[in-house]
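The values are calculated or read from the model by the stated rules, or taken from the named source; none is laboratory data. What you see is a predicted model; the values in this text were computed from it and never measured. When we count neighbours, we look across all protein chains shown, and the Cβ atoms used for this are built from the backbone with ideal geometry, even at glycine. These area figures cover heavy atoms from the full protein model, side chains too; ligands, DNA and RNA do not enter into them. Shrake-Rupley method; radii C 1.70, N 1.55, O 1.52, S 1.80 Å.
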Amino acid sequence: MTPTTAQPTSETNAVQTILSTLTDTHNFDPTQIKTDAESLEHWGKDWTKHFAPAAAAIVFPKTTEQVQTIVLLANEHNVVLTPSGGRTGLSAGAVAANGEIVVSMDKMNQIGQFYPADRIVEVEAGVVTQQLQEFAESKDLYYPVDFASAGSSQIGGNIGTNAGGIKVIRYGMTRQWIMGLTVVTGKGDILHLNRGMVKNATGYDLRQLFIGSEGTLGLVTHAQIKLERQPQDLNVMVLGMDSFNDVMNVLYAFQAQIDLTAFEFFDDVAIDKLMAHGQVQEPFESRTKFYTLLEFEAPYEPIMDKAMAIFEHCMEQGWVVDGVMSQNLTQAAELWKLREYISETISVFTPYKNDVSVLISHVPTFIEEIDHIVSSNYPDFEVCWFGHIGDGNLHLNILKPESMSKDDFFAECQVVNKYVFETVQKYGGSVSAEHGVGMTKKPYLHYSRSETEINYLRDIKKVFDPNNIMNRGKIFDM
Ligand SMILES: O=C(O)CC[C@@H](O)C(=O)O
Ligand SMILES: [Zn+2]
């Protein structure tokens, strides 16, 4: 645990000057600034458990112009800003650990104009993912980026991390759905990027730079989001297998013939913890080593016939030991809980998290090597595997033994990181597939990005944020 650092007086003074300028000169009302201990703790951190929050203040702008005012003052007084959305991130991208002013988008949560012919809706950055999903539904449309934290994550944060989730295999990451952005750069300029257009061949697309930049270039205040037609007649299957190779065989078999909307996997440790938690039902009478959850649209009889034929083929081959299929949407939702509840269920074990990806073609050998590293280095730790295997994205969670201190546990896990990330590097993979870099993966960025490439990233940051006031210390150090 990083200790809370006391603020040097000059920094404290600078923060105080900014706060009083916001109220005295720029009409920020009392609800727009918080400095009480409880708020500093609440808005100063995300779901990451490694760092202690130490924010200096929280501000809640209501407009893009107010965000601009905050950024200009932060530049003038050399105070660092930490952008804050729903704070559901797992890489400490939204943790204010060094006396930063947190800029929360909680008061910019309105859904704006809807353009039916374009299937685009304008939203403020603080709109919650589920709020957007429900809006889309009210227009008989669909916002397909989905994950367990959709009830609290905000669109601005999703954009900052290019969030993925459980439907990427079919619909891609957040990037695919962002048609335009309004941003305030670290310099304090307001930019309207792409403005919703499908076709716009006018040079560099700066919108793409802001997506996934974790608030290090500026703050996103508005976004134009594309919506999709609603999926029809979704069916969910949960299948049990005894080996990882069988998981892959089943993926190839289904993908060859059916457009899957999800292909997720988890292991027996995950099932064990889920059952102990008691919120979901055991899918089969006997446990298997691995489970996959796959989902597909079947609006026509022949698709369902095809799915059943593939399932039977997988059983005949001995790849699948047991299986269950939803008969209606309620059952489908119940089956989804088996996958969606894992992260929260295991959070009580203070897991050490990895979120890695490689090409799907490399997954079988990659996982074999990682499994070897993990079982030889962590003989006494419980290891839980799950993830978006259809995207080549694996979540590897090492669970802390109850008797061990958090510091000792994380220190021990960090020793093994080297071997895990060397393997990721060997396969040309990513040390952070969908959770971002933040502070937790910053020391390991060079396993996925060359030093030359990181220097280009630094140069880009200098253009947008010359004084390094935007989310300083996240992704890389300057
Ligand atoms: O907790 C994790 O490691 C992953 C969280 C999330 O990305 C998921 O896929 O459930
Ligand atoms: Zn995930």
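A few notes on this one:
- Checked across the stretch 456-472, the condition of being under 30 Å from ILE211 (Cα atoms), charged (D, E, K, R) and within 16 Å of ligand 2 (Cβ to nearest atom) holds for no residue.
- A single entry from ALA92, ALA52, ALA117, ALA74 fulfils the requirement of being in a loop (DSSP other than H, G, I, E, B), out of contact with any Cys (no Cβ under 7 Å at 6 or more places or on another chain) and more than 30 Å from PRO144 (Cβ to Cβ): ALA52.
- Unique match (being part of a helix (DSSP H, G or I) and touching a residue at least 24 places away in the same chain (Cβ under 8 Å)) among ALA163, ALA150, ALA136: ALA136
- Only a single criterion out of (1) open to solvent by 80 Å² or more (accessible area, probe 1.4 Å); (2) within 16 Å of ligand 2 (Cβ to nearest atom); (3) of a type outside the set (A, V, I, L, M) is not satisfied by ARG287, namely (2).
- Options VAL238, VAL269, VAL280, VAL247: the member that is assigned to a helix (DSSP H, G or I), open to solvent by less than 20 Å² (accessible area, probe 1.4 Å) and in contact (Cβ under 8 Å) with a residue 40 or more places away in the chain: VAL247
- Of all residues in the stretch 363-401, those satisfying the criterion of being more than 22 Å from PHE263 (Cβ to Cβ) and within 12 Å of ligand 1 (Cβ to nearest atom) are ILE398, LEU399.
- When GLU340, GLU295 are screened for being open to solvent by 30 Å² or more (accessible area, probe 1.4 Å), within 25 Å of PHE284 (Cα to Cα) and either among the charged types (D, E, K, R) or more than 16 Å from ligand 2 (Cβ to nearest atom) (or both), only GLU340 passes.
- Any chance THR202 is open to solvent by less than 20 Å² (accessible area, probe 1.4 Å) and part of a loop (DSSP other than H, G, I, E, B): no
- All of GLY85, GLY112 fail the test of being closer than 24 Å to LEU191 by Cβ, within 16 Å of ligand 1 (Cβ to nearest atom) and touching a residue at least 24 places away in the same chain (Cβ under 8 Å), apart from GLY85.
- Filter pass, THR423 being out of contact with any Cys (no Cβ under 7 Å at 6 or more places or on another chain) and more than 20 Å from VAL95 (Cα to Cα): yes
- Residue, most open to solvent (accessible area, probe 1.4 Å), within the stretch 430-467, restricted to residues that are in a loop (DSSP other than H, G, I, E, B) and without any contact (Cβ under 8 Å) to a residue 12 or more places away in the chain: ARG449
- Within the span defined as the stretch 311-323, every residue fails to be within 19 Å of PHE244 (Cα to Cα), in a strand (DSSP E or B) and aromatic (Phe, Trp, Tyr).
- Scanning the stretch 82-124 for residues that are open to solvent by less than 50 Å² (accessible area, probe 1.4 Å) and over 26 Å from GLY164 (Cβ atoms) yields GLY99, GLU100, ILE101.
- Only listed residue being more than 16 Å from ligand 1 (Cβ to nearest atom), touching a Ser or Thr at 6+ places or on another chain (Cβ under 9 Å) and not in a loop (DSSP other than H, G, I, E, B), chosen from GLY215, GLY156: GLY156
- Checked against the criterion of being open to solvent by 50 Å² or more (accessible area, probe 1.4 Å), of a type outside the set (A, V, I, L, M, F, W, C) and within 21 Å of the chain's Cα centre (by Cα), the candidates LYS45, LYS62 yield just one match: LYS45.
- Just one of (1) open to solvent by 60 Å² or more (accessible area, probe 1.4 Å); (2) without any contact (Cβ under 8 Å) to a residue 40 or more places away in the chain; (3) closer than 25 Å to HIS395 by Cα fails for ALA333. It is (1).
- Counting residues in the stretch 434-453 that are away from ligand 2 (no atom under 16 Å from the Cβ), among the β-branched types (Val, Ile, Thr) and modelled with pLDDT of 95 or more gives one or more.
- Selection within the stretch 142-195 - within 15 Å of the chain's Cα centre (by Cα), open to solvent by 10 Å² or more (accessible area, probe 1.4 Å) and at positive phi: ASN162, GLY172
- Every condition in (1) open to solvent by 50 Å² or more (accessible area, probe 1.4 Å); (2) more than 21 Å from the chain's Cα centre (by Cα) is met by PHE254 except one, and the failing one is (1).
- Check on ALA55, of a type in the set (Gly, Ala, Ser) and touching a Phe, Trp or Tyr at 6+ places or on another chain (Cβ under 9 Å): yes
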